[in-house]
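Read the structure below first, then the notes.
The values are calculated or read from the model by the stated rules, or taken from the named source; none is laboratory data. Keep in mind that what you see is a predicted model, and the values were worked out from it rather than measured. Because the Cβ atoms are built from the backbone with ideal geometry, glycine has one as well, and the counts that use them run over all protein chains shown. Areas reflect the complete protein model, heavy atoms only, side chains present, ligands, DNA and RNA absent. Shrake-Rupley method; radii C 1.70, N 1.55, O 1.52, S 1.80 Å.
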Amino acid sequence: MPIRTVVWGENVHEQQNKIVAGLYPNGMHDCIADALNADPEIEATTATLQDPEHGLSEERLANTDVLVWWGHAAHGDVADEIVERVCDAVWSGMGMMFLHSAHFAKPFKRLMGAPCNLTWREAGERERLWVTSRNHPITNGLPDSFELEMEEMYGEPFGVPEPLETVFISWFQGGEVFRSGLTYKRGAGNIFYFRPGHETYPTYHNANVQTVLKNGVKWAFNPMTRISDPNAAPNVPVDAAPEKIEERGPKLHEEGEDGYR
């Protein structure tokens, strides 16, 4: 059974900027989905900010193995209810891949619990991405390094938690470097952040970038059954303790009380 993937795009610059529309006439989300669908192990569909519930209903997320997220101009327009819904799905076991300026997306910041800030410059610089974790599944089929002729610069320091692994590091023509491929585990969900993808450049048409996207989806996929309620914090009664104990001492909580949150 293929990995059920939803590519989410805010679909704003494609409608407002002629350069972006020329590079991605059907939207960046469609370009990314087309690249993923070239792999028989992946089945990708799309959703956008403009769709009802941003295209991310509870039912759709329940049937999504990996969610790919690209955003830039409209982070603040994403409804908080949908953000919590996405985070719950990740904590339950859904895989997640955040692309480029999705470092400031609400779900990414919520899952990282950090500012996720960085330095940047839009100057069409050459970027060289180096593989820093050889034999990692995300780097399968890639050379030790590859170049993008034009990209937006992102520079360190990158205000995110220490990752499980740093898979790529980028060097830019202006001299800055950046950790461009980071993996995380949040709850039962695998998360991959991949930096390239500024909308005025043809980044998602690049064969090496498309390889990373396909590998990233496969890495993020968790085949285990989802956790039904990742926020549950149940009380364990005395008579249900693994070892026999006797209750003693004063109590703060009443029997059957949910507890404080």
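List of remarks:
- Rounded to the nearest 20, the Cβ-based charge dipole of the range 1-117 about its Cα centre (Lys and Arg +1, Asp and Glu -1) stands at 400 debye.
- Solvent-accessible area per residue, Å², over the chain with all protein chains present [probe radius 1.4 Å]: 50 Å²
- Trypsin sites (Lys or Arg not before Pro) restricted to DSSP loop in the range 107-210 with at most 11 other C-beta within 10 Å: 134
- For the chain, adding -39500 (n - 2.57) for each run of n ≥ 4 DSSP H residues and dividing by the number of residues yields -6000 deg cm²/dmol at 222 nm.
- For residue 46, the residues 5 or more places off, or on other chains, whose built amide H falls under 5 Å of its own are 7.
- Charge dipole (the range 1-138, unit charges on Cβ, about Cα centre) - positive-most of 71, 137, 93: 137
- The string of couplings for the range 81-93 from the Karplus curve (6.51, -1.76, 1.60, θ = phi - 60°) is 4, 6, 4, 5, 5, 5, 5, 4, 5, 5, 4, 7, x Hz, one whole number per residue in order, with x for Gly and Pro.
- Fraction of accessible area attributable to carbon and sulfur, the chain (%, probe 1.4 Å): 50 percent
- Residue-by-residue Karplus 3J(HN,Hα) for the range 50-60, coefficients 6.51, -1.76, 1.60, Hz, glycine and proline x: 7, 5, x, 6, 6, x, 10, 5, 4, 5, 5
- Residue among 42, 191, 245 with the largest mean-square fluctuation in a Gaussian network model of the chain, springs linking Cα atoms under 10 Å: 245
- Rounded to the nearest Hz, the phi-derived 3J(HN,Hα) couplings of the range 23-29 under the Karplus curve 6.51 cos²θ - 1.76 cosθ + 1.60 (θ = phi - 60°) are 6, 10, x, 9, x, 4, 4, where x marks glycine and proline.
- Simple point charges give the picture: +1 on the Cβ of Lys and Arg, -1 on the Cβ of Asp and Glu, and for the chain a dipole about the Cα centre of about 620 debye.
- Positive-end residue of 45, 26, 55, charge dipole of the range 16-61 with Cβ unit charges: 26
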